[in-house]
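Trainee: For reference, the structure I am asking about is given below.
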Amino acid sequence: MTDTLSTTRQASLDRTQRIRAGLRRRHLGETIFRGLGLAAIVLALGFVALLFVDVVRKGVPAFTQSNLHLAVTFDPELLKVDPAPVRDAFASQAEYTAASLKWQRDVAMLNWNKVVEASLRAAAPADVEIDSRQILTIAETDARHDIREMFVADPSLLGQTVEVDVLASANAANWIKGNIDRSLGDAQQQLSAPARALIDAFVENGTISNGFAWSIFTNVDSRAAPASAGLLGAFVGTVWMMLIVIILAVPIGVAAAVYLEEFAPRSRWTDLIEVNINNLAAVPSIVFGLLGAAVFINYLHLPISAPIVGGLVLTLMTLPTIIIATRGALQGVSPALRQAALGMGASRTQMVFHHVLPVTFPSILTATIIGVAQALGETAPLLLIGMKAFVASVPLTPLDQATALPVQIYLWQGNENRNFFEPRTAAAIMVLLAVMILLNGVAIYLRSRLEKRA
């Protein structure tokens, strides 16, 4: 009897030890899993933070620009031109317009570089020796156009001296901001030694100062005057494309999802359509670019490098995302809601549009905005439809030639003046990320508001 009790007690102890060992292994496994999950989150956030820090570190200096404060003299000896025409009481509008255009052509033919050079020499120390070509490299090339436009707008400036702010050149900005190593020899520098010395003198006496680079937001891209290059044209082109995506993708995607989920009969055809929609969501974006170039440009003859084509291509990319997300939201609605609506006498259409869809609005809206934000960052399909072309104008309609923010980033990244455009590229990335974060923030805000109402 004693041996039996001892054996039973020992078996119980062994079983208890096994249970405790199993619990320890389970707890250890859970601890390890939690640790790995936390490490993965920290690592992911670390990489994202590293990306943001690197972009901000490189991009923030691009939001400052170097300005030249010059006293510009409209010297009659340099600007030998007839007085601006004045409309005579007996002259027709056509005659006055012709005379005015001829006077403007004569003004454009004047050597405005001499005016810029004279202003720079007037601001320079008296002992500076520098030739005309070297001193003109300090000011941006469009400075002469700005001064000329001032004179065209107000011909009475002839013989006067006025204070004018113009941009310093991209090479001068590189030297001022330290984007190029000052210890390099003359052969490796972008500016001559006299020009670099004069720039330092201008910084010291206040002729050159740094200010906020409003030109990034107010100017279009420029190759002749890199320091004045901006994102306005690309931003407007992006807005046109996003409007097209929202107008086309949202109603078509939601309508397709509602039909497939609520009205379409279950058959092989609907199964085939569902499989193809899921496959389209995984198709690389460059394939949509090839499709857009083949169909919209080569077959339908829509204008190349136009927001209408980019918007249509991005619409095709966004449709699968909206359809899948909308169907998921519809599937998440409780069947009791449908049965209650039908039981109260509502038709199938009334049940869907009056009861089911309002419940899914937050999810549909979130999916839509996230899909649009994803399309906002696409570059490959836009390159294939010609939107990488240099466009120095703001698109007034979706049929005008334009570029987009992601493509502008791509173009600036490949610019030969890397010392100047690398910070500009990072600044453009910051603008693009800000737009995408804003869209996602709007999605979160609207979802929370709609969920409260629901």
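The values are calculated or read from the model by the stated rules, or taken from the named source; none is laboratory data. Bear in mind that the values here come from a model prediction, so they are computed numbers and not experimental data. Neighbour counts run over all protein chains shown; Cβ positions are idealised from the backbone, glycine included. Quick note on the areas: whole protein, heavy atoms, side chains included, nothing else; ligands and nucleic acids left out. Shrake-Rupley method; radii C 1.70, N 1.55, O 1.52, S 1.80 Å.
Trainee: Taking R0 as 25 Å, what FRET efficiency do you get between Arg57 and Val164 from their Cβ-Cβ distance, rounded to the nearest 0.05?
Mentor: Here the calculated transfer efficiency is 0.15.
Trainee: Order these peptides, 20-29, 426-435, 207-216, by their mean beta-carbon neighbour count within 10 angstrom, highest first.
Mentor: Result, highest mean Cβ count within 10 Å first: 426-435, 207-216, 20-29.
Trainee: OK, next. Using each residue's phi in the range 108-120, evaluate 6.51 cos²θ - 1.76 cosθ + 1.60 at θ = phi - 60° and report the 3J(HN,Hα) Karplus result to the nearest Hz, with x for Gly and Pro.
Mentor: 5, 7, 5, 8, 6, 4, 5, 5, 5, 4, 4, 5, 5
Trainee: Picking from Leu260, Leu439, Val283, whose Cα lies most toward the positive end of the charge dipole for the range 232-453 (charges on Cβ: Lys, Arg +1; Asp, Glu -1)?
Mentor: Leu260
Trainee: So what is the relative contact order for the chain, in percent, with contacts set as C-alpha pairs under 8 Å and at least six apart?
Mentor: Relative CO of the chain lands at 18 percent.
Trainee: Assigning unit charges at the beta carbon (Lys, Arg +1; Asp, Glu -1) and nothing else, what dipole magnitude in debye, to the nearest 20, does the range 232-453 show about its Cα centre?
Mentor: 500
Trainee: Using a 10 Å cut-off on Cβ atoms, rank the peptides 313-320, 158-165, 230-237 from the highest mean neighbour count down.
Mentor: In descending order of packing, they fall as 313-320, 230-237, 158-165.
Trainee: Pop the C-beta distance of Val48 and Asp154 into the FRET formula with R0 = 56 Å and round what comes out to the nearest 0.05.
Mentor: Here the calculated transfer efficiency is 0.60.
Trainee: Let me ask something else. On a 0 to 90° scale, report how tilted helix 307-331 is relative to the longest principal axis of the chain, with both axes built from alpha carbons and the result rounded to the nearest 10.
Mentor: Roughly 20 degrees between the two axes.
Trainee: Here is a further query. Quick check for you: with a 1.4 Å probe and neighbouring chains kept, what is the accessible area per residue of the chain, in Å²?
Mentor: About 56 Å² of surface per residue is accessible.
Trainee: Each residue of the range 371-377 in order: what ³J(HN,Hα) in whole Hz does its phi give by Karplus 6.51 cos²θ - 1.76 cosθ + 1.60, θ = phi - 60°, with x for Gly and Pro?
Mentor: Values, residue by residue: x, 5, 5, 5, 5, 4, x Hz.
Trainee: What residues qualify as long-range amide H neighbours of Leu68, i.e. H under 5 Å apart, gap of 5 or more or another chain, H built at 1.01 Å from N?
Mentor: Hits under the 5 Å cutoff: Val166, Leu167, Ala168.
Trainee: A follow-up question, please. In the range 19-103, what percent of the accessible surface is made up of carbon and sulfur (1.4 Å probe, ligands and nucleic acids excluded)?
Mentor: About 70 percent, which is the carbon plus sulfur part of the accessible surface.
Trainee: Which residue, Ala346, Ile244, Ala380, has the largest displacement toward the positive end of the dipole of the range 232-453 when charges sit on each Cβ (Lys, Arg +1; Asp, Glu -1)?
Mentor: Ala346
Trainee: Moving to a separate point now. Of the labelled options [x] 1.48; [y] 1.07; [z] 0.96, which one gives Cα Rg over 2.2 N^0.38 Å as computed for this structure?
Mentor: [x]
Trainee: Let me ask something additional. Once fully extended, how much extra length lies between Ala11 and Leu23, figured as 0.36 nm per residue of separation less the alpha-carbon to alpha-carbon distance?
Mentor: Result for the pair: 2.5 nm of gain on full extension.
Trainee: In addition: Hey, any idea what % of the range 232-453's accessible area is carbon plus sulfur with a 1.4 Å probe?
Mentor: 68
Trainee: Give the residue list of trypsin sites (Lys or Arg not before Pro) in the range 137-190 that are DSSP loop and have at most 12 other beta-carbon atoms within 10 angstrom.
Mentor: Arg182
Trainee: What percent does the relative contact order of the range 67-213 come to when contacts are Cα pairs within less than 8 Å and at least six residues apart?
Mentor: Contact order relative to length: 38 percent.
Trainee: Sum up the lysine pairs in the chain that clear both bars: alpha-carbon distance under 22 Å and a spacing of 8 or more or different chains.
Mentor: For the chain, the number of qualifying lysine pairs is 4.
Trainee: Just flag the GluC sites (Glu not before Pro) in the range 15-119 sitting in loop per DSSP whose Cβ has no more than 14 other Cβ atoms within 10 Å.
Mentor: Answer by residue number: Glu77.
Trainee: Okay, next question. Hand me the GluC sites (Glu not before Pro) from the range 121-153 located in a DSSP loop with no more than 14 other Cβ atoms within 10 Å, in residue order please.
Mentor: Glu129
Trainee: Further question on the same structure: Taking only Cα atoms, what is the 0 to 90° angle, nearest 10, from helix 268-281's long axis to the longest principal axis of the chain?
Mentor: Helix 268-281 and the main axis of the chain meet at about 50 degrees.
Trainee: Using the crude model of +1 on Lys and Arg Cβ and -1 on Asp and Glu Cβ, and no other charge, please compute the dipole size for the chain relative to its Cα centre, in debye to 20.
Mentor: Here the chain has a charge dipole of around 3000 debye.
Trainee: Something else: 5 Å is the cut-off here: which amide hydrogens, built 1.01 Å from N in the peptide plane, fall below it relative to Ala139, excluding neighbours closer than 5 in sequence?
Mentor: Long-range HN contacts for Ala139: Ser169.
Trainee: Simple spin-label model, 7 Å along Cα-to-Cβ: Trp269 to Leu438 in nm?
Mentor: The modelled label-to-label distance comes out at 4.5 nm.
Trainee: Have a look at Thr141, Pro362, Asn111 and report the one farthest towards the positive end of the charge dipole of the chain, computed about the Cα centre with Cβ charges (Lys/Arg +1, Asp/Glu -1).
Mentor: Pro362
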